[in-house]
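Here the structure comes first, spelled out in structure tokens, and everything after it is commentary.
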Amino acid sequence: MSRRQKFALNTEEEDVELDIALSGYGDLTLQKQITISGDDLSAINTFEDPNKIVPVEKEASGTKAVLPALSWNVLIMK
């Protein structure tokens with residue numbers, strides 16, 4: 001089965017629900033979401049704190065995803 005990835009950026013200071021229109025892609029559905037988010041947009045990983053910014057992966061299904069506030073997301077469909 002083919003696998004497709006789409007990217008989504010939420011620049012709002014609140015969560016946003018995204019409904020993905022997949023009607024032109026056959027039977028693809030959302031399978032997984034990988035998110036990087038945080039309140040401090042200038043935060044960086046350092047040697048002292050190498051895990052300050054880490055991707056969070058969660059399972060998903062259907063066509064809807066919640067994009068956390070101030071986040072970068074990878075949406076994986078199968």
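Quick one: how many residues across segment 39-78 are out of contact with any strand residue (DSSP E or B) (no Cβ under 9 Å at 6 or more places or on another chain) and either assigned to a strand (DSSP E or B) or more than 18 Å from N10 (Cα to Cα) (or both)? Lay out the reasoning, then the answer.
Initially, segment 39-78 is screened for residues out of contact with any strand residue (DSSP E or B) (no Cβ under 9 Å at 6 or more places or on another chain), giving 39-52.
Applying the additional criterion that residues be either assigned to a strand (DSSP E or B) or more than 18 Å from N10 (Cα to Cα) (or both) yields 44-52.
Count: 9.
Within segment 56-70, restricting attention to residues that are touching a residue at least 40 places away in the same chain (Cβ under 8 Å) and under 22 Å from L28 (Cβ atoms), which residue is surrounded by the fewest Cβ atoms within 10 Å (Cβ to Cβ)? Please lay out each step first, then the result.
Of all residues in segment 56-70, those touching a residue at least 40 places away in the same chain (Cβ under 8 Å) come to 63-70.
Applying the additional criterion that residues be under 22 Å from L28 (Cβ atoms) yields 63-67.
Values: T63: 15, K64: 11, A65: 20, V66: 15, L67: 22.
Restricting to residues being touching a residue at least 40 places away in the same chain (Cβ under 8 Å) and under 22 Å from L28 (Cβ atoms), the top hit is K64.
Considering only residues of segment 1-27 that are assigned to a strand (DSSP E or B) and acidic (D, E), which is modelled with the lowest pLDDT?
At the first step, the residues of segment 1-27 found to be assigned to a strand (DSSP E or B) are 4-10, 16-19.
This time we only want the ones that are acidic (D, E), so: 17, 19.
On the way: E17: 96, D19: 92.
Once the filter is applied, the top-ranked residue is D19.
What are the pairs with Cβ atoms under 8 angstrom where one residue, in segment 28-42, is closer than 12 Å to A60 by Cα and modelled with pLDDT under 90 and the other, located anywhere, is charged (D, E, K, R) and assigned to a strand (DSSP E or B)? Sequence gap at least six, or different chains.
Short answer, once both residue conditions are applied: none.
For segment 24-49, which residues satisfy the criterion of being of a type outside the set (A, V, I, L, M) and surrounded by 13 or more Cβ atoms within 10 Å (Cβ to Cβ)?
So in segment 24-49, the residues of a type outside the set (A, V, I, L, M) come out as 24-27, 29, 31-33, 35, 37-40, 42, 45-49.
If the condition is that a residue be of a type outside the set (A, V, I, L, M) and surrounded by 13 or more Cβ atoms within 10 Å (Cβ to Cβ), then T29, Q31, K32, Q33, T35, S37, G38 are the ones that fit.
Confirm whether I53 is of a type outside the set (S, T, N, Q) and surrounded by 11 or more Cβ atoms within 10 Å (Cβ to Cβ).
When the stated conditions are applied, I53 passes them.
Among the residues in segment 2-23, are any touching a Gly at 6+ places or on another chain (Cβ under 9 Å), polar (S, T, N, Q) and loosely packed, with under 11 Cβ neighbours inside 10 Å?
Yes.
Among the residues of segment 28-38, which ones are part of a strand (DSSP E or B) and not hydrophobic (A, V, I, L, M, F, W, C)? If you could, list the steps in order and put the result at the bottom.
Start the filter on segment 28-38 by keeping residues that are part of a strand (DSSP E or B), which leaves 30-37.
Q31, K32, Q33, T35, S37, listed by residue number.
The values are calculated or read from the model by the stated rules, or taken from the named source; none is laboratory data. As the structure is a prediction and not an experimental result, all values here were calculated from the model. Here Cβ is always computed from backbone atoms with ideal geometry, including for glycine, and neighbour counts include all displayed protein chains.
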